[in-house]
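Asks: Please find one structure pasted underneath; my questions will follow.
Values in this text are rule-based calculations from the coordinates and carry no lab data. Since we're looking at a predicted model, the values are computed, not measured. A quick note on method: Cβ atoms are made from the backbone with ideal geometry, for glycine too, and the neighbour counts reach across all protein chains shown.
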Amino acid sequence: MVSVDKKSFKLAYINKFLELHGIDLKEGNNQQKYEALAGLIRDYVSRMWLKTNKKNNKSGQKQVYYFSMEFLMGRLLGDALLNLGIRDICKEALSELNIPLEELENLEHDQGLGNGGLGRLAACFLDSMASLNIPGNGCGIRYKYGFFEQKIVDGKQVEVSDDWLKEGNAWEMRKANKSEIVKFGGEVKVDYINNNLTFTHVNYEPVLAIPYDTPIVGYDNDVVNTLRLWSAEAVSNEFDFSSFSRGDFLKAIEYKNSIESISQVLYPEDSFYKGKILRLKQQYFFVSAGIQSIIRHFKKYGGNIEELDEKIAIHINDTHPTLAIPEIMRILVDEEGLDWNVAWRITTNTVSYTNHTILAEALEKWPIDMFKSLLPRIYMIVEEINKRYCEELWNRFQGQWQKISDMSIIADGQVKMAHLAIVGSHSVNGVAKLHTEILKKKEMSNFYYLYPNKFNNKTNGITHRRWLLKSNPKLTNLLKDTIGDSFIKHPTDLNNFQKYLSDDSVLEKLSRIKLENKKRLASTILKNQKIEVDPYSIFDVQVKRIHAYKRQILNCLRIMDLYNSLIDNPDKDIESRTFIFAGKAAPGYYLAKNTIELINSIAKTINNDSRVNNKIKVVFMENYNVSLAEQIIPGTDLSEQISTTTKEASGTSNMKFMMNGAVTIATLDGANIEIKDEVTDENIVIFGLTADEVLSYYRSGGYNSSEIYNSDIRVKRVVDDLVSGRYNPDKDRFRSIYENLVNYNDEFFVLKDFDSYVKAQNKIDMLYKDERRWQKMCGQNIAHSGIFSSDRTIEQYATGIWGSEVIYKNL
Ligand code: 26W
C-alpha cells in the first residue's frame with residue numbers, strides 16, 4: 001500500500017508538476033495537471049514494480065505469460081488509484097488545489113488496443129493476476145493506432161483513426177535495452193555438421209522489436225505486474241546508412257515505413273478472418289519477440305532450459321499467438337540444441353490455449369505459400385510437427401483418410417492455426433460451459449476423441465474492481481454499508497447481500513442509486529447525442545459489437561412492433577422505455593454497418609413522432625469503448641443478451657450488467673445459462689430456441705423463415721416496413737436485411753425467435769410494474785454476481801492449467 005497523507009500528497013503533486021512543466025500549478029492547463037498526476041502515481045507504482053520484479057527473479061515461482069493480440073485496457077489512472085487505495089486522499093488533496101479529479105481522469109485517452117470481448121477479457125485477467133499475487137504478465141503489440149473511433153454521420157458509421165498516443169502515454173516505459181530481433185523472409189540453409197542437421201536462417205529481413213512496459217497494479221497487495229507491448233522499428237544500420245549513402249533517401253524512408261507498419265494498426269475485425277500477410281507478420285512479430293525475451297530472461301536468472309515448462313506457463317488468447325508453439329521449438333532445437341522430442345515435451349507442457357469462438361468464418365488458416373515465404377524456418381518446423389502428428393493419427397485411425405486429412409495441421413493449401421494450437425498445447429479451454437460442450441461434441445469432436453484430457457472449461461469473468469468498485473461507487477458504498485467490505489477480496493461474499501433484500505429501506509436505496517446512475521447516463525446522452533431521455537423510463541440496453549449473430553436486428557424489429565402497437569392503440573398500457581444501443585461494426589462488414597443505419601433511422605422516426613415519443617425513445621451512442629461502458633452499465637435496467645443460441649461463446653457484458661443490478665433478458669447462450677443457474681429462473685427472463693433446437697436446424701434443416709413471415713401478421717408488418725420507406729426515404733436502404741430475413745432463410749433465427757422475444761419483453765413490463773419485485777430481482781443479480789469475478793476465473797486457470805501457486809498474502 002502507498003502510505004501517504006493528504007498533506008504530503010499535495011506537496012508531492014505540486015513538486016511533480018513543477019518538475020514536469022517548469023511552471024506554476026495555477027498557470028497549467030488540465031492536460032498538464034493530468035500528466036503531473038499520472039507521473040506522480042507512476043512514481044509510487046515504480047517502487048512496487050521494482051520490488052515485484054526482484055521478488056519474481058529470486059523466488060523461482062512459476063511465471064505466467066498471457067499472449068494476446070489485443071488488450072483493451074481503457075483508462076489506467078482511476079484503476080491505479082483504486083488499487084493503490086489512495087483515490088480518496090488524491091481526490092481531497094486535488095480539490096484543495098481546486099482541481100476536480102474526475103476532470104483529469106476524463107482527459108486520459110482510452111487505451112483501446114482491442115476489438116471487444118477477447119481484448120477486454122485479457123485486460124480483466126491482468127488485473128486479476130496482479131490482485132491475486134500471481135506472477136503473470138501480458139505480452140502483445142503496441143499498436144500506434146488502436147481500435148478506430150466511430151463517428152456517426154447522417155446515421156452512418158464513419159471510421160476515424162485512433163491516435164491514442166498523440167498526447168503521450170504516461171504509463172508506458174520504453175525499454176530499448178531489452179529489444180529483440182525478429183527475422184522475416186529469406187531462406188534456410190541446411191547443413192550436416194558432426195552428425196547433426198543444422199538450420200541457418202539467411203538473407204532474412206531483420207526487424208527490431210522494442211518493448212514498452214506498462215505497470216499492472218494489484219489491489220491492496222503491493223504487487224505490480226507487467227504488460228509488455230512490442231513496437232516494430234527498422235534496425236538502424238540496415239536502413240538509413242546503407243541506403244542513404246547510396247543516395248537513395250526515399251527508399252530508406254519507404255523501407256522504414258514498411259517495417260513500422262507491422263505495429264501500426266489493430267485489425268478491426270473480430271469475427272471474420274482475412275488472410276492478410278500483415279496480420280501474419282504482426283503475429284510472428286510479437287510472438288517471436290516475446291518468446292525470445294522470456295527465454296533470455298529465464299536463462300539470465302539461472303534457469304535450466306530443460307526445466308522451462310516447470311517455471312514458465314505461456315497462454316495463448318485464441319489462435320492469434322499460436323506461432324508461439326513453433327517459435328519455442330525453433331529456439332529449443334536450433335539455438336539450444338535440444339533433441340526434438342525433448343523440445344516437444346517442453347513446448348507442449350508450457351503452452352495452453354483458449355478458444356473464443358465457434359464461428360467458422362473466424363478461424364485462422366494461412367495460405368501455405370504466404371506462410372512459407374514469410375517464415376521459412378517456422379514453416380519447416382510446422383511441417384515436422386505435422387508429420388509426426390499425422391503418424392500418430394495414422395496409428396490411431398487406420399484407414400480413415402478423410403478424418404486424418406480433416407484433422408491435419410496442413411491441408412488444402414493452408415496452415416490451420418486451431419489445429420496447431422490444439423496439438424501443440426497441453427490444455428484447450430472454452431469460455432463457458434455450453435461453449436466448451438459444443439467444442440467437445442461438435443466443433444472439435446475429433447480432437448476431443450484424440451486428446452480427451454486436454455479439454456476443459458473456464459467460464460469467463462470480469463474484474464469487479466473496475467466494473468463495480470470503480471464504475472459504480474454509489475452501489476459499492478451501499479454494499480459496504482450493508483455486508484461490509486469482505487466482498488472486495490472475496491467477491492462471492494456478495495451473496496451476503498441476499499439477506500438484505502427483504503429490507504425495504506435497502507431496496508429503496510438500491511433504486512435511488514440506480515436512478516442517480518441513470519440520470520448521469522441521461523446527461524451523457526444529452527451531451528453526446530443531443531437527445532433528451534427520461535431517467536424514469538426503463539433503460540433497455542444492448543451494447544456490444546454489431547454482428548448478425550448478436551441480433552441487434554431482433555431488438556430493432558421488436559421496437560418497430562412496439563411502435564406499431566402504440567400507433568394502433570395510443571392508450572396501450574406500457575412502461576415507458578429508452579432503448580439504448582452502442583457498438584462498432586467492422587469497417588468491411590456491410591450488414592453490420594447497415595444495422596447501425598437502421599437503428600439510427602428508427603431512432604429518428606420514433607424520437608420525432610409526438611404520438612409516441614413520451615413513451616419510447618431510441619438512442620445510438622457513438623464510439624462505444626471501455627470508458628463509455630463504465631457509464632452505461634451502472635445506469636442500465638435491462639441487459640439485452642439476445643444472441644442466436646450456440647453462437648456467443650460466453651459474453652462478458654452480461655456479467656458486468658448483472659453485477660451492477662440490471663435484469664437480463666436472454667437466450668440460453670454462452671454464460672447466460674450459468675447466470676440463470678446462479679440467479680434462478682425468477683430473476684432473469686429467458687426466451688428463444690435452445691441449443692439443441694438450433695443445432696438440429698443447422699444439421700437437418702427444417703426451418704423456413706418465409707413461413708413465419710407469411711403467417712405472423714406482426715412479423716410481416718415490421719419486416720415489410722424495412723423496405724416500405726417508413727424509416728428511410730430510400731426504400732432499398734435496408735433491402736439486404738429484408739432479403740436475409742425472408743429470402744435467404746434467416747441464418748440467425750431472428751423471425752423464429754421474434755414471438756418468444758416479444759412475449760419475454762411483455763413479461764419484463766409486467767415485472768417492472770411491481771416496483772418492489774423488480775428491485776429484489778436487481779438485488780438478487782448483484783448478490784449472485786460474485787462468481788463471475790475474473791478472480792475466480794484466474795484462480796481456475798492458475799490451479800487447473802498453469803500450475804502456478806496462488807498466494808494471497810501481500811508481498
Ligand atoms: C481473425 C479475426 C478474429 C479476431 C478476433 C476472429 C475472432 C476474434 C475473437 C475470438 C472474437 C472475440 O472477441 N470473441 C469473444 O470472446 C469473448 C471472451 O471470451 C467472449 O465472451 C465472446 O462471447 C466472444 O465472442
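Asks: Among the listed pairs Lys433/Lys763; Lys544/Lys593; Lys416/Lys647, which have their C-alpha atoms separated by more than 18 angstrom in this model?
Replies: The answer is Lys433/Lys763; Lys416/Lys647.
Asks: Then there is this: Quick check on packing: order 311-317, 567-573 by the mean number of other C-beta atoms within 10 Å, highest mean leading.
Replies: 311-317, 567-573
Asks: Right, next: Quick check on packing: order 602-613, 260-271 by the mean number of other C-beta atoms within 10 Å, highest mean leading.
Replies: Taking the mean over residues of other Cβ atoms within 10 Å, the ranking is 260-271, 602-613.
Asks: Separation between the Trp394 and Asn195 pseudo-spin-labels, each 7 Å from Cα along Cα→Cβ, expressed in nm?
Replies: Placing both labels 7 Å along Cα→Cβ, they lie 2.7 nm apart.
Asks: Also: If I take all pairs of Cα atoms in the range 295-373, what percentage of them are more than 20 Å from each other?
Replies: Working: 1273 of 3081 pairs.
Counting every Cα pair in the range 295-373, those more than 20 Å apart make up 41 percent.
Asks: Moving on. Dividing the convex hull volume of the Cα atoms of the chain by its residue count, what figure in Å³ per residue is obtained?
Replies: Numbers: hull volume 143.6 nm³, N = 811.
In the chain, the Cα hull volume divided by residue count equals 177 Å³.
Asks: P(r) of the range 513-619 in 10 Å steps, Cα pairs, percent per bin?
Replies: The percentages, shortest bin first, are 14, 45, 33, 7, 0.
Asks: When every alpha-carbon pair in the range 702-781 is counted, what percent end up more than 16 Å apart? Mind dumping the intermediate values first?
Replies: On the way: 1919 of 3160 pairs.
The proportion of pairs with Cα distances above 16 Å equals 61 percent.
Asks: Something else about it: Net charge near Tyr738: determine it from the other residues with C-beta under 15 Å of the C-beta of Tyr738, scoring Lys and Arg +1 and Asp and Glu -1.
Replies: On the way: positive: Lys716, Arg717, Arg726, Lys731, Arg733, Arg735; negative: Glu597, Asp720, Asp721, Asp730, Asp732, Glu739, Asp746, Glu747.
Around Tyr738, the surrounding residues sum to -2.
Asks: Next question, about the same structure. Charges at C-beta only: +1 for Lys and Arg, -1 for Asp and Glu. How large is the resulting dipole of the range 22-103 about its Cα centre, in Debye rounded to 20?
Replies: Roughly 780 debye, rounded to the nearest 20.
Asks: Hey, another quick one. Based solely on its DSSP helices, what 222 nm [θ] is calculated for the chain when runs of n ≥ 4 H residues each add -39,500 (n - 2.57) and the sum is averaged over all residues, nearest 500 deg cm²/dmol? Each step should come with its number before you reach the end.
Replies: Details: 33 runs with 375 residues, N = 811.
The per-residue figure over the chain is -14000 deg cm²/dmol.
Asks: Between Glu205 and Asp481, how many nm apart are label points set 7 Å from Cα along the C-beta direction?
Replies: In this crude label model, Glu205 to Asp481 measures out at 6.2 nm.
Asks: Here's something else I'd like to know. Of Asn660, Thr348, Gly484, which is farthest along the charge dipole of the chain in the positive direction, counting Lys and Arg as +1 and Asp and Glu as -1 at C-beta?
Replies: Comparing the listed Cα positions along the dipole, Gly484 ranks first.
Asks: Under the classification rounded if a/c is under 1.5, otherwise prolate if a/b is larger than b/c and oblate if not, where does the range 692-736 fall, given a ≥ b ≥ c as square roots of the Cα gyration tensor eigenvalues?
Replies: Since a/c reaches 1.5 and a/b is larger than b/c, the shape of the range 692-736 is classed as prolate.
Asks: Under a 5 Å amide H to amide H cut-off, with H placed in plane at 1.01 Å, what residues pair with Leu338 once short-range neighbours are removed?
Replies: Hits under the 5 Å cutoff: Val333.
Asks: Multiply the residue gap between Asp5 and Lys442 by 0.36 nm, knock off their C-alpha separation, and tell me the result in nm, one decimal place.
Replies: 151.5 nm
Asks: For Asp730 and Lys299, what does the FRET efficiency come to when R0 = 45 Å and r is the distance between their Cβ atoms, rounded to the nearest 0.05?
Replies: Efficiency for this residue pair is about 0.10.
Asks: Would you please classify the overall shape of the range 606-755 from the alpha carbon gyration tensor, given that a ≥ b ≥ c denote the square roots of the eigenvalues, rounded means a/c under 1.5, and beyond that prolate means a/b larger than b/c while oblate covers the rest?
Replies: Cα axes put the range 606-755 in the oblate bin.
Asks: Assuming R0 = 56 Å, what is the FRET efficiency of Asp770 and Glu167, from their Cβ-Cβ distance, to the nearest 0.05?
Replies: Efficiency at R0 = 56 Å is approximately 0.65.
Asks: Tell me which GluC sites (Glu not before Pro) from the range 139-179 have a DSSP coil assignment and no more than 14 other beta carbons within 10 Å of their own.
Replies: In loop regions of the range 139-179 (DSSP not H, G, I, E or B), the sparsely surrounded GluC sites (Glu not before Pro) are Glu167.
Asks: Here is a follow-up. Give me the one-decimal Kirkwood hydrodynamic radius in Å for the range 611-658, with the sum taken over alpha-carbon pairs. Don't jump to the answer; show the numbers that get you there.
Replies: Numbers: mean 1/r = 0.0769 Å⁻¹.
Across the range 611-658, the inverse of the average 1/r is 13.0 Å.
Asks: Put +1 on the Cβ of every Lys and Arg and -1 on every Asp and Glu Cβ in the range 54-111; which of Gly60, Leu97, Gly85 then has its Cα farthest towards the positive end of the dipole?
Replies: Gly60
Asks: Which FRET efficiency, nearest 0.05, do Asn762 and Thr690 yield, Cβ-Cβ r, R0 22 Å? Could you put the intermediate results ahead of the total?
Replies: Working: r = 21 Å, r/R0 = 0.94.
For Asn762 and Thr690, the calculated efficiency is 0.60.
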